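Reading through the structure tokens given below for one structure.
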Amino acid sequence: ERDDESHHKKSSDYMNHLDGLRMVALLGVLLFHFKLLGAEGGFIGVDVFFVLSGFLVTGIILRELGAAGEYDGLSRFSLFSFYTKR
């Protein structure tokens, strides 16, 4: 596990319940694809996953923007740096 991931999981703002929601979303998709337990509508799991991802990524970007501060009216946030950390 990478250092930034282990640090994030130990931080006080980490939301454990979102891991549970991601697992439920993943199970819904898997059950749908393997046609198990009459699972219909597995696409809902994909929707839940994308909503959670958007929520988490937006929070990370907003925290990084806040940490970067302002420099002559321009933020020091780098989209390239953001993606290389993932």
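Kindly evaluate Ser6 against the criterion of being modelled with pLDDT under 85, open to solvent by 70 Å² or more (accessible area, probe 1.4 Å) and of a type in the set (S, T, N, Q).
Details: modelled with pLDDT under 85: yes; open to solvent by 70 Å² or more (accessible area, probe 1.4 Å): no; of a type in the set (S, T, N, Q): yes.
Answer is no for this residue.
Residues are listed down the side, and each one gets a yes or a no for (1) of a type in the set (A, V, I, L, M); (2) open to solvent by 90 Å² or more (accessible area, probe 1.4 Å); (3) touching a residue at least 12 places away in the same chain (Cβ under 8 Å):
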position	(1), (2), (3)
Asp19	no, no, no
Arg22	no, yes, yes
Ala25	yes, no, yes
Val29	yes, no, yes
Phe34	no, yes, no
Ile44	yes, yes, yes
Val48	yes, no, yes
Val51	yes, yes, no
Leu56	yes, no, yes
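Being outside any helix (DSSP H, G or I) and modelled with pLDDT under 85 narrows it down to one residue among Phe82, Phe77; which is it?
Numbers: Phe82 fails: outside any helix (DSSP H, G or I).
Step by step, each of Phe82, Phe77 is checked, and only Phe77 is outside any helix (DSSP H, G or I) and modelled with pLDDT under 85.
The values are calculated or read from the model by the stated rules, or taken from the named source; none is laboratory data. What you see is a predicted model, and the numbers here were worked out from it, not measured in a lab. Note that we place each Cβ from the backbone using ideal geometry, even for glycine, and neighbour counts take in every protein chain shown. Surface areas here come from the heavy atoms of the whole protein model, side chains and all, with no ligands, DNA or RNA. Shrake-Rupley method; radii C 1.70, N 1.55, O 1.52, S 1.80 Å.
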